[in-house]
Amino acid sequence: MVPPPVPPDSGSKIKTLGTLSTQAITCGKHLYCPKIKREGRYILSSSKELQPDTEPQWSQRAQPDNWREIVNKKLHFPPELIPAIQEGNMAWVDSLLSLGDGIIRQLDESEDRLWREALNLSIRLGSEDIMTSLLLGVKFDFRQIHEALLVAVDTNQPRFVKHLLDRLDQEKGNKMDVRSFSMAIFDHSIDDSQFAPGVTPLTLACQKDLYEIVTMLTQRGHDIPLPHAISCTCLECRNGRQYDLLKFSLSRINTYRGIASRAYLSITSEDAMHSAFHLSRELRKLSKKEPEFKPQYLALEQLCQEFAVELLGMCRNQSEVSTILNSAEDDSDDEELDEQTFEEGIPNLGRLRLAVNYNQKQFVTHPICQQVLSSIWCGSLSGWRGSRTAWKLLVSLGIFITMPFLCLVYWIAPKSKLGKLLKVPVIKFLLHSASYMWFLITLLTESIFMEIYRSDFASRKQNILHNSLHMIWVAGFFWFECKEVWIEGLKSYFLDLWNILDMMVLSMYLASFTLRILIMLKGYFLCQDSSTQEMCDYFTNTVREDWKQEDPQLIAETLFAVTSMLSFTRLAYILPAHESLGTLQISMGRMIDDMMRFMFILMIIGTAFLCGINNIYVPYVVSPHLGRLNETFNFLFWTMFGMANQEYVDMPDYVLAEFVGRIFYGIFTLLIVIVLLNMLIAMISNSFQRIEDDADVEWKFARSKLYLSYFREGLTMPVPFNIIPSPKALFYILRSICQKICCCCNKKAPEYPPIASLSSNTLNSSGGQGEGRVPYRLQVTKALVHRYIEAARREFEESKRKDVGNRITELNKVVGRLHTEMQEFHQKLQWQCKSEPDQANILGKYIMGAKNNFRDFNKYEAMGCENTGLSISTHPAEEEDDEEKEGEIKAGGIVSEEREEPESEGPVEPVPGEETTFETASTPDV
């Protein structure tokens, strides 16, 4: 509503201002219009609306006392304000700001940085009164208060933070946009600030782990929004990249630093441990997507892992440990983990398996997790862990020999005492290992039979039964893998590289066996038809020399050879059960990874020299070993191992080609043999050393994955006995069908004891049974977080006490050392005064000058002349009758100091309680 122009009045100080703006902003209980077309004065009414009225009414409204005048002029920065703030002179600051008239003055944009520094300085010095005066007398905007809030957080002053938040709420209203803090990267005024772009008060408080301030900010509605994906193309991300790419990247890093902090995860997350797992995996992915900031992301990822480990270390009893390790959040990955069932009596360990999938090595290798896994691994065999190696080998040999009998007993009576013993994970592991050893023995036996019946295997008359016994185990392995896919899920199954290797080996076994069967069937059916007699002879009577290169039997034999080799390498899967062998197996895997990366470089260089050398010798037929790609490749390949003949490159009749060929061959030998092979050795040594440096963590993590693979239900019977349907399987099928039909599969949730260490105000008010009761998992999580925060606060207070104590100790040492030096100096002066009377005049003047310097210390301190800050003690007797001594010295006499005590030539000890403290301004040279 636009009021009419104010008429001039000779008896009033009100002047015509023109038409006021229609937009008004409420400040406290007053209403004023911030946009005025001309400088001058305007009237602020205590009412909330400006109503148009007649001229007499406007002049009458200007008279009451509830009207205030605000000068619409820019307030210039007084140069004396900074010294006044440094001295803490409140009256001086008030006089400079002219707070007596109650006017809030606007700032000059050119002096923005000076006003910010003044406000920030008052916060750093802890002068709350001066800060309040600045906020009352000066109109600070949102950006300036934002920076002041950062300074208050940086100096860990919760009272100042609360005061600034109240002022910020007053400026922004209840609908404060907390996301506008992160948009500060578009503000050039923060370029001179000490804080990086994108740092918000909550982010800074989280980075410093200031739990009290973080709690205060989160209760006010502050939050750290998760940054968008690195490939996000939304309007906000595009504008940020185009405006300033460096600020945009630093803002993302600072945001993740706040999100990954212990304080933010502890206070804002319902399940802090689970959030740490997910954030750790996300940061590991970001380190690969943004290699420019890889060290920063990896450091934050390590911080999340350490936080999860520290939370786990806060558990106090087995009930809490079981709850933490067996529960997980309800997301897609965890639902797959929950569907995986373990043997009867074995806990689910959902969170522990989630940590394994997320590669949380420190969490998995924590002593608490390892103790739980070891106790489940041994089961009822409590003496297995402490038994000797010889006894373990003897038990393993007995299981290897009696494996068929044990499987028969379990097939008949799985609930018997012996059947339950076979379900113990360590016995199950030995049983499956024995089955695999029998499979390898079968492969070796078939190889021996192939050597005995070599003539038959070289022709079409081979007996398929002589080399197909292993297919019984292959069928069992195939059924085992199918059940594993059903239990784990397809995604989790292919995350394990051993499963991929198993699928490849089984596929080649099946392909080899299928090709042999195909040859037999094709020969049989072709011989039934007289028109295909030639083809019949080829598949039944042809010798090996007449076979085609793509003959199915040749392919089958090749596949069988490859799978036999891979089957023996699969034995390395069980090596992590032993500490030394497990470490070597992990090192071997890392070395193979290094070799794969090395082969890429070797392929590039080898292909380059292969092409160059081959092109040199192609036109010359005189060289029988070079000039063809396959011959040149063989020559260069064996050159790497020093097994090639160097005379192959010689062509005496063609000097130029021979010279260039020798140059190429020499450079190839230099690069491959000297540079690349030594680089490969260095890479392998580096990988082995890294594993050895962290051998305990690597081995325990690999062993944990091995243990978890044998905790699953339904995989007790080893190969090949698992292909025989058991009565137990039939019973389970019938029971599941009945449960689905009758819908009687409701399970009662277990009741857990309450958490004594968790205060009642952190839980729901219901507290008892019912829907409002907090789940036991959340109770345990909140208890762990509460203990962690309290431990962090105690550690912080202890560090502060130690820091102050160390400083006091150092100060006491300095004071004691100075006191001893002054005593020695005093003794020397006394001895010189007695031994050399003729020099008493000079020494007396020196002593009096030194005493005068010490005596005037309090005056210097009152005048602000502070120098060293070191306190010393001197004798009270030396302060007596200074004026008389000065008079005697001027007369040329020597006056000996007389004391009330008996005569003593030694040093005078200070009297307790009568020491006088001085501060030395300077030390005179002797």
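Some observations on this one:
- Within segment 558-671, helices (runs of 4 or more DSSP H) holding 2 or more residues that are among the charged types (D, E, K, R): 579-617, 655-669
- Extreme residue, farthest from residue 218 (Cα to Cα), among residues of segment 263-281 that are open to solvent by 40 Å² or more (accessible area, probe 1.4 Å) and of a type outside the set (S, T, N, Q): 281
- Of all the criteria given as (1) surrounded by 13 or more Cβ atoms within 10 Å (Cβ to Cβ); (2) part of a helix (DSSP H, G or I); (3) of a type outside the set (A, V, I, L, M, F, W, C), the one not satisfied by residue 542 is (2).
- Residue in segment 318-327 that is within 18 Å of the chain's Cα centre (by Cα), within 28 Å of residue 710 (Cα to Cα), of a type in the set (S, T, N, Q) and modelled with pLDDT under 95 present: no
- Filter result for the condition that a residue is closer than 15 Å to residue 601 by Cβ, in the same structural domain as residue 605 (by the TED database), surrounded by fewer than 17 Cβ atoms within 10 Å (Cβ to Cβ) and polar (S, T, N, Q), over 678, 634: 678
- Residue tally, condition outside any helix (DSSP H, G or I), at pLDDT 75 or above and open to solvent by 10 Å² or more (accessible area, probe 1.4 Å), over segment 328-356: 3
- Where a residue in segment 403-424 is over 24 Å from residue 709 (Cβ atoms) and touching a residue at least 40 places away in the same chain (Cβ under 8 Å) and its partner, wherever it lies, is part of a loop (DSSP other than H, G, I, E, B) and basic (Lys, Arg), with Cβ under 8 Å and at least six apart: none
- Residue list for segment 425-445, restricted to those being of a type in the set (Phe, Trp, Tyr) and either without any contact (Cβ under 8 Å) to a residue 60 or more places away in the chain or not assigned by the TED database to the domain that holds residue 571 (or both): 438
- Yes/no for residue 374 being touching a helix residue (DSSP H, G or I) at 6+ places or on another chain (Cβ under 7 Å), among the polar types (S, T, N, Q) and outside any loop (DSSP other than H, G, I, E, B): no
- Residue check: residue 455 meets all listed conditions (1) open to solvent by 60 Å² or more (accessible area, probe 1.4 Å); (2) touching a Lys or Arg at 6+ places or on another chain (Cβ under 9 Å); (3) assigned to a loop (DSSP other than H, G, I, E, B) but one, namely (3).
- Considering the conditions (1) more than 29 Å from residue 673 (Cα to Cα); (2) free of Cβ contacts under 8 Å to residues at least 24 places away in the same chain, residue 596 is excluded by exactly one of them, (1).
Okay, residues lined up against (1) in a helix (DSSP H, G or I); (2) open to solvent by 80 Å² or more (accessible area, probe 1.4 Å); (3) modelled with pLDDT of 80 or more:
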{"residue": "801", "(1), (2), (3)": "yes, yes, no"}
{"residue": "818", "(1), (2), (3)": "yes, no, yes"}
{"residue": "822", "(1), (2), (3)": "yes, no, yes"}
{"residue": "832", "(1), (2), (3)": "yes, no, no"}
{"residue": "838", "(1), (2), (3)": "yes, yes, no"}
{"residue": "841", "(1), (2), (3)": "yes, no, no"}
{"residue": "845", "(1), (2), (3)": "yes, yes, no"}
{"residue": "848", "(1), (2), (3)": "yes, no, no"}
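- Flag if residue 481 is surrounded by 14 or more Cβ atoms within 10 Å (Cβ to Cβ) and of a type in the set (Asp, Glu): yes
- Residue selected from segment 545-578 under the condition more than 19 Å from residue 514 (Cα to Cα) and small (Gly, Ala, Ser), by the criterion least open to solvent (accessible area, probe 1.4 Å): 572
- Of all residues in segment 246-262 being open to solvent by less than 10 Å² (accessible area, probe 1.4 Å) and of a type in the set (Ser, Thr, Tyr), the one that is farthest from residue 778 (Cα to Cα): 256
- Selection status of residue 617, touching a Leu at 6+ places or on another chain (Cβ under 8 Å) and at pLDDT below 85: no
- In segment 587-595, the condition of being open to solvent by 40 Å² or more (accessible area, probe 1.4 Å) and over 32 Å from the mean Cα position of the chain (by Cα) is met by no residue.
- Of the helices (runs of 4 or more DSSP H) that lie entirely inside segment 112-164, those containing 1 or more residues that are more than 22 Å from residue 205 (Cβ to Cβ) and open to solvent by 10 Å² or more (accessible area, probe 1.4 Å) span 112-124, 128-137.
- Residue 493 passes every criterion in (1) open to solvent by less than 60 Å² (accessible area, probe 1.4 Å); (2) free of Cβ contacts under 8 Å to residues at least 24 places away in the same chain; (3) not in a helix (DSSP H, G or I) apart from (3).
- Check on residue 380, open to solvent by 20 Å² or more (accessible area, probe 1.4 Å) and within 28 Å of residue 730 (Cα to Cα): yes
- Candidates are the residues of segment 712-744 that are touching a Gly at 6+ places or on another chain (Cβ under 8 Å) and assigned to a helix (DSSP H, G or I); the one that is surrounded by the most Cβ atoms within 10 Å (Cβ to Cβ) is 722.
The values are calculated or read from the model by the stated rules, or taken from the named source; none is laboratory data. Since the model is a prediction, treat every value here as computed from it, not as a measurement. For neighbour counting, all protein chains shown are included, and Cβ atoms are generated from backbone atoms with ideal geometry for every residue, glycine included. Note: areas computed on protein heavy atoms with side chains; ligands, DNA, RNA excluded. Shrake-Rupley method; radii C 1.70, N 1.55, O 1.52, S 1.80 Å.
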